[in-house]
Amino acid sequence: MKNITPEELYQIIGKNVAKYRKAKEMSQLDLSLLMGYKSVSVVSGSEVCYKNKHFNLEQLLKIAQILEVDLCDFFAIES
């Protein structure tokens, strides 16, 4: 992996979560509800790193299980 900042990593993860969520034709609200949240703010904010929001490991594990993807897929850097 090339040298990146934590902020860049959070952006990569957010973009990848959004990509896999959209591939499953799932809305941000649907994903939020399945994760146990009552609003879309966690998912929407973390996908775009709004105000430094980002997913934590527990959230990423839940998302990977819900979307049926490998947890490592969220860390992939697209060229």
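Through the Karplus equation 6.51 cos²θ - 1.76 cosθ + 1.60, θ set to phi - 60°, convert the phi angles of the stretch 20-27 into ³J(HN,Hα) values in whole Hz; use x for Gly and Pro.
6, 5, 5, 4, 8, 6, 10, 7
With a 1.4 Å probe and every protein chain left in place, tell me how much accessible area Lys24 has, in Å² to the nearest 10.
100 Å²
Order these peptides, 26-35, 64-73, by their mean beta-carbon neighbour count within 10 angstrom, highest first.
Listed from highest to lowest mean packing, they are 26-35, 64-73.
Which value, in Å³ per residue, describes the convex hull spanned by the Cα atoms of the stretch 37-79?
Residue-normalised Cα hull volume stands at 88 Å³.
Restricting to DSSP H runs of at least four residues, report the calculated mean residue ellipticity at 222 nm for the chain, -39500 (n - 2.57) per run over all residues, nearest 500 deg cm²/dmol.
-17000 deg cm²/dmol
Ignoring any ligand, DNA or RNA, what whole percent of the accessible area of the stretch 12-79 comes from carbon and sulfur when the probe is 1.4 angstrom?
Summing carbon and sulfur atoms, their accessible area is 56 percent of the total for the stretch 12-79.
Using θ = phi - 60° and the Karplus relation 6.51 cos²θ - 1.76 cosθ + 1.60, list the HN-Hα couplings for the stretch 66-74 in order, rounded to whole Hz, with x at every Gly or Pro.
Those phi angles translate into 5, 7, 6, 10, 6, 3, 5, 4, 6 Hz.
Note down the accessible area of Tyr20, probe 1.4 Å, to the nearest 10 Å².
For Tyr20, the solvent-accessible surface is approximately 50 Å².
Could you work out, for the chain, what percent of all Cα-Cα pairs fall into each 10 Å distance bin, beginning at 0 Å and stopping at the bin that holds the largest distance?
Result returned by the calculation: 20, 57, 21, 2.
With unit charges on the beta carbon (Lys/Arg positive, Asp/Glu negative), name the residue among Leu61, Tyr37, Ile77 whose Cα is farthest towards the positive pole of the charge dipole of the chain.
Positive-end residue among those listed: Tyr37.
Report the label-to-label distance for Glu25 and Tyr37 in nanometres (one decimal), using points 7 Å from each Cα along the Cα→Cβ vector.
Result for the modelled spin labels: 2.4 nm.
The values are calculated or read from the model by the stated rules, or taken from the named source; none is laboratory data. Given the structure is predicted, the values throughout are model-derived calculations rather than measurements. Every residue, glycine as well, gets a Cβ built from its backbone with ideal geometry; the counts of neighbours run over all protein chains shown. All accessible areas refer to the heavy atoms of the entire protein, side chains included, with ligands and DNA or RNA removed. Shrake-Rupley method; radii C 1.70, N 1.55, O 1.52, S 1.80 Å.
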